[in-house]
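The values are calculated or read from the model by the stated rules, or taken from the named source; none is laboratory data. Treat the numbers as computed from the prediction; the structure is a model and nothing was measured. With ideal geometry, Cβ positions are generated from the backbone for all residues, glycine too; neighbour counts draw on all protein chains shown.
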Amino acid sequence: MKIQFLGSAQEVGRSCILVNDAYLLDAGIKIGPEESEYPLDFSEKDVKAVFLSHAHLDHTGALPLLNHLGLKCPIYATKITKQITKILLHDSIHIEKLSKNPAYSEENINNILSYFQFVEYNKEYEEKGDGFNAKKENFAGKKNSSGNSRVKFMLFDAGHIPGSGSFLLTINDNGKDKTLLYTGDINSISTYLLDGLTYDGQIAKENAKHKLKTAKLKTDSLKNDKLKNDNLNIGKLKIDVMICESTYGGRDHPSREAQEKEFLDIVERTVDNKGSVLIPAFSVGRAQEVLIMLSKRRFDAPIFLDGMAKKVTNILLDVPAYIKDVKLLKKAISNIEFVKDFNHRQMIVKNKGIFVTTAGMLDGGPVMDYIKYVYDEENSALLLTGYQAEGSNGRMVLEQKKVIVDNKMLNVKCFVKKFDFSAHCGQKELLQMLKNINPTHLIINHGDIKEMNALAEKAAFIENIHIPVDGEIVRIN
């Protein structure tokens with residue numbers, strides 16, 4: 001098996017991994033303060049299928065450019081991943097048009113969206129490797145004229161954002177089937193919006209069952225023995241290769257309950273002191289989670305939702321099967337007001353309020369309009385709710401109490417604090433997952449080198465561990 005890292009090796013962002021020169025695991029960009037970084041060069045025309053773990057741009061943002069360069073193949077993902085990807089890609093090209101002329105067009109985005117083939121969790125599918133039929137199917141796994149099967153695959157709920165998944169591929173490699181588990185971004189900690197992943201425990205349980213049964217049954221009877229657990233027919237699978245994210249590979253998360261209490265206490269205290277609260281949040285998952293938290297208390301100030309999170313929230317309400325409890329989200333929405341446009345924003349920001357808006361790292365979006373009114377108010381608060389990448393405005397606020405707005409460096413006087421409401425596994429959860437799955441080969445990606453090394457050191461119970469660099473080809477014999 002040949003695995004080439006076109007991105008996400010010793011970095012967070014631009015996840016893009018090429019398997020056997022034919023199958024692509026994600027196709028993301030790395031969003032920087034000046035411009036985005038795209039995957040390294042490869043032969044886009046030779047790709048037979050893309051397996052898309054979730055909608056975030058660091059996993060999907062390169063797809064239109066790759067289409068411009070010749071990519072034309074099925075893209076396997078959940079239904080809601082396509083809906084959210086559509087929003088993010090159209091927003092992304094709008095931003096690029098403001099700063100430069102992008103190499104791809106709206107037509108490339110529409111092409112990509114037409115290639116999606118929907119998959120459901122915990123079901124087995126086959127990738128035929130011969131492109132599209134004359135009549136495209138909107139659901140993966142349909143038989144085509146050749147009937148050939150190149151890759152069997154399953155998608156497991158990854159618990160990261162709505163519709164996110166981890167792909168398990170069974171690839172025929174030189175006459176032998178080999179299994180590859182690509183985690184994508186994962187979270188095993190349940191939140192208000194999502195249940196944490198559980199497939200690692202299911203794999204361990206089914207493998208234990210299979211091991212017990214093989215000791216009792218004859219070889220020729222195994223073919224008729226189907227191990228069942230929530231439709232996961234994976235009891236006979238040993239994971240040969242596991243590509244695992246490591247965003248928080250070197251540290252554990254603090255108590256979520258304690259973080260939430262402190263967060264709500266600060267919001268309440270700030271509002272009582274006649275200040276405003278600005279909450280930058282990622283549009284997919286984090287903004288909705290924050291709204292549900294805020295609904296747990298009554299505040300003496302209106303709550304507003306702005307930015308792309310408005311569209312994403314409406315999608316989650318329309319497709320409730322991908323979230324834990326739609327009633328919680330509906331209740332939270334009933335207590336807030338959607339910001340209609342720029343004029344509405346300019347009107348409300350002059351008064352006391354709680355503003356939940358994109359972008360989560362303070363790099364563009366409506367949050368830049370709000371921060372002009374909040375940054376120098378000592379009785380107001382800026383509460384960050386997620387990862388702040390190096391070089392981002394959010395990181396600068398945390399480390400220097402400075403922010404760049406309209407090309408001006410401003411000294412931030414309002415209260416600033418970051419909360420850990422991460423949608424990624426911490427080190428403890430990653431290690432438990434690795435123990436449960438126990439792959440023959442572990443490849444660590446999607447993390448800073450410090451986080452990767454820390455995870456590798458703790459995971460020494462796995463014999464074969466590799467931390468690749470971008471551009472490296474890993475061969476598994």
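Apart from one condition, T385 fits all of (1) at pLDDT 95 or above; (2) surrounded by fewer than 16 Cβ atoms within 10 Å (Cβ to Cβ); (3) among the polar types (S, T, N, Q); the exception is (2). Among the candidates E120, E107, the residue that is modelled with pLDDT of 95 or more and more than 23 Å from the chain's Cα centre (by Cα) is uniquely E107. The residues of the range 250-276 that are charged (D, E, K, R) and assigned to a loop (DSSP other than H, G, I, E, B), listed by number, are R251, D252, K274. Scanning the range 59-75 for residues that are more than 23 Å from A9 (Cα to Cα), among the hydrophobic types (A, V, I, L, M, F, W, C) and out of contact with any Ser or Thr (no Cβ under 8 Å at 6 or more places or on another chain) turns up at least one hit. Of all residues in the range 325-335, exactly one satisfies the criterion of being surrounded by fewer than 14 Cβ atoms within 10 Å (Cβ to Cβ) and either touching a Cys at 6+ places or on another chain (Cβ under 9 Å) or part of a loop (DSSP other than H, G, I, E, B) (or both), namely N335. All told, M452 meets the bar of being at pLDDT 95 or above and farther than 20 Å from D240 by Cβ.
Screening D363, D369 for residues that are in a loop (DSSP other than H, G, I, E, B) and of a type outside the set (K, R) leaves exactly one candidate, D363.
When E472, E399, E390, E378 are checked against the criterion of being surrounded by fewer than 18 Cβ atoms within 10 Å (Cβ to Cβ) and under 20 Å from the mean Cα position of the chain (by Cα), E390 stands alone in meeting it. Counting only residues that are under 14 Å from the mean Cα position of the chain (by Cα) and among the aliphatic types (A, V, I, L, M), the range 32-56 holds 2 of them.
Of all residues assigned to the range 180-190, none qualifies as being modelled with pLDDT under 70 and either assigned to a loop (DSSP other than H, G, I, E, B) or outside the structural domain of T440 (by TED's automatic domain parsing) (or both).
Within the range 204-237, the set of residues being in contact with a strand residue (DSSP E or B) (Cβ under 7 Å, 6 or more places away or on another chain) and at pLDDT 55 or above comprises just one member, L237. Selection over the range 152-195 of residues that are touching a Cys at 6+ places or on another chain (Cβ under 6 Å) and either free of Cβ contacts under 8 Å to residues at least 60 places away in the same chain or of a type in the set (A, V, I, L, M, F, W, C) (or both) gives a count of 1. Taking the range 296-324 as the range and being part of a helix (DSSP H, G or I) and within 17 Å of the chain's Cα centre (by Cα) as the test, the residues that pass are A309, V312, T313, I315, L316, Y322. Is it true that S422 is within 30 Å of P162 (Cα to Cα) and touching a Phe, Trp or Tyr at 6+ places or on another chain (Cβ under 8 Å)? Considered against the rule, which asks whether it is within 30 Å of P162 (Cα to Cα) and touching a Phe, Trp or Tyr at 6+ places or on another chain (Cβ under 8 Å), S422 comes out as yes. Being more than 30 Å from K350 (Cβ to Cβ) and either surrounded by fewer than 22 Cβ atoms within 10 Å (Cβ to Cβ) or in the same structural domain as H56 (by TED's automatic domain parsing) (or both) is a property that holds for I437. When each of R298, R286 is tested for being modelled with pLDDT of 95 or more, more than 29 Å from K402 (Cα to Cα) and not polar (S, T, N, Q), the lone residue that passes is R298.
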